[in-house]
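What follows draws every value from the coordinates through simple rules; no lab data is involved. All values derive from a computational prediction rather than experimental measurement. We place every Cβ from the backbone using ideal geometry, glycine too, and count neighbours over all the protein chains shown.
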Amino acid sequence: MGPPGAGKGTQAKFVAERLLVPAISTGDIFRVNVSEGTELGVKAQGYMDAGEYVPDELTNLMVRNRIDEDDAGRGFLLDGYPRTLAQVEELDGMIRHTGHALDAVVVLTVDSEELVQRLLERAKSEGRADDTEDVVRRRQEVYEEQTAPLIDVYRERDLLIEVDGMGDVDEVTQRIFDALSGVTES
Ligand code: AMP
């Protein structure tokens, strides 16, 4: 978890590689669907372009189908999901159904000035449609309103690991590995 621009996608790939599990990014799956013009992509695009969350029913179904795939059989890392309280509950049900347990929830913390800088740079390098200034601002608000409360939920469950997301990508990756060592041994 972490606000837009915290580095979730970048770090998720490194961590998943190390743990030999797939990184499942709901944002990436939506973007592929948008670019391929699938029914899901058509439904999701308006929300994404406005910086709003795609409705829970669509998002939950997509994740459910993805974690049922073979490569997720021995575990998986979710990037950008869950993002709402309803998604937390849905994920609990999905995980029960797969026989897995949630090992840890990693939150990347980054100060807001740095976030804006990162997103503006990403806008230039990747050209993401939702990295314009207004949409970035809206995405930050939606995160604060709908996703930040999940931090307390997972803290109460004793699953939360907060990692300083400032600094070089490699340093942040190392901090995550250090914080996860022990948790992922089992
Ligand atoms: P991301 O790449 O994780 O920043 O996601 C990009 C966009 O995809 C978000 O701004 C949402 O519109 C949509 N999205 C990704 N994950 C979710 C989710 N878990 N719930 C609802 N919408 C999502």
Practice item. Can you give me the P(r) profile for the chain? Cα pairs, bins 5 angstrom wide beginning at 0, each as a whole percent. Key: 1, 7, 16, 21, 22, 18, 11, 4, 0
Practice item. Pull up the cross-link candidates among the lysines for LYS124, meaning alpha carbon to alpha carbon under 21 Å and not fewer than 8 places away within one chain. Key: LYS8
**Study point:** Equivalent ellipsoid semi-axes - Cα gyration tensor, segment 1-103, angstrom
**Key:** 21, 16, 14
Point to revise | Fraction in percent of alpha-carbon pairs per bin - 10 Å, segment 13-59 | key: 27, 43, 24, 6
Point to revise | Space enclosed by the convex hull of the alpha-carbon atoms of segment 93-148, per residue, Å³ | key: 132
Review point. Normalised by the residues of the chain, what does the relative contact order come to in percent, with Cα pairs under 8 Å and at least six apart?
Key: 31
Exercise for review: Using every Cα-Cα pair within segment 129-181, state what percent have a distance larger than 17 Å.
Suggested key: 59
Exercise for review: Give the calculated FRET efficiency between VAL169 and ASP103 to the nearest 0.05, with a Förster radius of 22 Å applied to their Cβ-Cβ distance.
Suggested key: 0.45
